[in-house]
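Below is one structure; the comments refer to it alone.
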Amino acid sequence: MKPENPFLLERSLVVGVVDEAPGVKTYTLRLSSSYSAEPGQFNMIYIYGLGEVPLSISSPPLKRGSFTYVEHTARAVGAVTGAILSRVSTGSLVGLRGPYGRGWPLREAEGRDLVVLAGGIGLAPLRPVIKCVESSRDAFGRLNILYGARSPEYLLYKYELEEYARIPNTKLLLSSDTASPSWSYHVGFVTDLIEYIDVDVGDSVVFVCGPEAMMRTSVKKLLNRGFRSDQIYVSLERRMRCGVGVCGTCQLGHYFVCRDGPVFSISELGEYFWIEGI
Amino acid sequence: MKKLMLEFKKLLGDPVFLGYKRGSTIPVFDEIRSISELPLEISDVQKPGKYEIVEGFRFRHSHSSPKWYLLPPEQVILTISPSYDAIDSGVSEGRRAVLFGVKPCDLKAIAVLDKILLDKHPVYTAKRRGIVGVVVEECMEPGGTCFCASVNSGPIVESGFDVAYARLDKETLLLKPGSDIGRQVLKSMGLERASSEYTELYKQMVGRAIDSMKRKLPDLERAQRALRGLASSQEFWEEISKKCIGCGNCNYVCPTCFCTEFIDRVGENHAERVATWIGCLTYTYGLVAGGHFRKQLYMRYRHYTLHKFLYYPLQTGGLLGCVGCGRCITWCPIGLDLIENLSRVLKVKNVEA
């Protein structure tokens, strides 16, 4: 019997592109209507002849007519993402397979307060969380959004960012590592904002995504503020090729980050979170 | 041996036979078309960093293993057009095959790979599902770097095979069935029941084989505990990996290493997506465009060791990732000895205790 091939790609049409920051764009992809995904999951995006990259899904899938639309925010760092940024535009085709991985435990957050803490492009996988909370606002308690980038121009979703503050019962705290004339928010690291978190520490969950060093500092500070390690979740990045736990390149300790993650609680990660290169 | 092959052929409807095939140099795991291709009249001499084929009748294994067939160095997983149409799904049905003359350590390695890849990796799954028979050669004289007895994967087999044979001497085979197919095969071969003289000799030889393995892991659980305690000690891993050159040979010859990298091979009007082996000891393992998750060699050496002894059991429901075949020791260009290093793990932890 011929086994199913998990590496088959769906052809996807790019129907929109938005400039976000230097070297960062958001692409809207059109997929078949059967597609669905949870916040925090990712797709493998394939560029013909170059290869695939894992990209987190940065919007809740939107069903319209016979299609589903999802957004991906990509930054040019390597060959494939570089090709995406320079070559892919509205009307382009890309290959896609997914969604993969275990996303944010939104169910866990229901009825409790929620802190969303993101650095730089780390807001991309958390944006669907914010949108989901917004659309079922009563299901959650207070929402705190802490977001920072190295400078104001590197913030994502500037066209809607300040509107997050208008979501009922929501506190939005922004930061920029460097000062700039028009910047009226905090100057410093996003992790500085942790002291201004205004939630019920004992009955809340925290979702963190950003560079690994930023996440480590965040988790230390959150633990110091009294959050338990099973209340704090991070989304990890690794070298990923297959998305289904067979290529082995994303291993972190005994976990396959692509399949068992990319979202983990700090208690699940244990020492893996702290030992460099494990 | 010829009869054995013939009976399998008859019973299973002309399958292909896969085994260690004698070539002009070192045997590799491949299709066996006649009995003369089996490495029955050679032996291997294995030492850390050394491998040699000599005359004899005790061939153990080579750099090659059943992994060469089940998860080959290159696996085409998809062929795709520039407009993103799949031209070929890359997965075909596996050939009906009998593994012939594989070693107990090989069999254990397949059990390990099954836990990770079966029904998940399409190429592995297709080939693995095509295996309809397994004939094992038990090891009456282990090789120079073997330590299967320390990790419970040899030198004999208890289950998971159809027929196992032991070469008591150059001419005498002692066979045992491990399944209904095996019983049927042995029955139609018209063999006599072995006298107690032979079964006693067999038992003695197995005992001697176990005793003769120079490399021993005295206490696996203690070693695992020690490794757990040392996971965060950068100093220890730097010291223990000092000689390693990060070539990845150990990964490629290891019958359980399964990590692959995906590359695109571009043709005129199509691209092949190809999975190729990647060794965790090599620099690219953990490298991403924006950084490196295992930049230092000690980190990759640590992953290799901890994966084999701590993480595989968690990923497979209890099976070690090391089957004691000793290939990583033999084929290491500088002869780094995994067992010696594990003994050092125990010593360090003893000192600290």
### Message
Restricting to the stretch A:1-45, name every residue that is within 13 Å of another protein chain (Cβ to nearest Cβ) and among the β-branched types (Val, Ile, Thr).
### Response
A:Val14, A:Val24, A:Ile45
### Message
Given the criteria of a type in the set (Val, Ile, Thr), touching a residue at least 60 places away in the same chain (Cβ under 8 Å) and buried (at least 22 other Cβ atoms within 10 Å of the Cβ), does B:Val102 qualify?
### Response
yes
### Query
Could you list, in sequence order, the residues of the stretch B:122-140 that are touching a helix residue (DSSP H, G or I) at 6+ places or on another chain (Cβ under 9 Å) and not charged (D, E, K, R)?
B:Val123, B:Tyr124, B:Thr125, B:Ile131, B:Val132, B:Gly133, B:Val134, B:Val135, B:Val136, B:Cys139, B:Met140
## Note on the structure
Restricting the stretch B:72-91 to residues that are facing chain A (nearest Cβ under 7 Å) and outside any loop (DSSP other than H, G, I, E, B), the one modelled with the lowest pLDDT turns out to be B:Ala86
### Task
Kindly indicate whether any position in the stretch A:40-49 is at positive phi and free of Cβ contacts under 8 Å to residues at least 60 places away in the same chain.
yes
### Query
Can you find even one residue in the stretch A:87-97 that is out of contact with any Pro (no Cβ under 6 Å at 6 or more places or on another chain), of a type outside the set (D, E, K, R), farther than 29 Å from B:Glu268 by Cβ and surrounded by fewer than 20 Cβ atoms within 10 Å (Cβ to Cβ)?
no
#### Entry: Boolean, A:Arg64 is away from chain B (no Cβ under 11 Å), more than 17 Å from the chain's Cα centre (by Cα) and closer than 19 Å to B:Val266 by Cβ
no
### Query
Of the residues A:Leu114, A:Leu126, A:Leu93, A:Leu106, which is among the aliphatic types (A, V, I, L, M), out of contact with any strand residue (DSSP E or B) (no Cβ under 8 Å at 6 or more places or on another chain) and touching a residue at least 60 places away in the same chain (Cβ under 8 Å)?
A:Leu106
### Query
Going by the conditions given, is B:Cys259 hydrophobic (A, V, I, L, M, F, W, C), closer than 23 Å to B:Arg228 by Cβ, in contact with a His (Cβ under 9 Å, 6 or more places away or on another chain) and touching a residue at least 12 places away in the same chain (Cβ under 8 Å)?
no
### Query
If you take the residues in the stretch B:315-337 that are more than 14 Å from the chain's Cα centre (by Cα) and not in a loop (DSSP other than H, G, I, E, B), which one is surrounded by the fewest Cβ atoms within 10 Å (Cβ to Cβ)?
B:Thr316
### Query
Only one of these conditions is not met by B:Val134: (1) more than 10 Å from every other protein chain (Cβ to nearest Cβ); (2) not charged (D, E, K, R); (3) not in a strand (DSSP E or B). Which number is it?
(3)
### Task
Out of B:Tyr283, B:Tyr312, B:Tyr301, report the one residue that is in a helix (DSSP H, G or I), surrounded by fewer than 22 Cβ atoms within 10 Å (Cβ to Cβ) and among the hydroxyl-bearing types (Ser, Thr, Tyr).
B:Tyr312
### Task
Return only the number of the condition from (1) farther than 24 Å from B:Leu306 by Cβ; (2) outside any helix (DSSP H, G or I) that B:Arg215 does not satisfy.
(1)
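The values are calculated or read from the model by the stated rules, or taken from the named source; none is laboratory data. Keep in mind that what you see is a predicted model, and the values were worked out from it rather than measured. Here the Cβ is made from the backbone with ideal geometry for all residues, glycine too, and neighbour counts use every protein chain on show.
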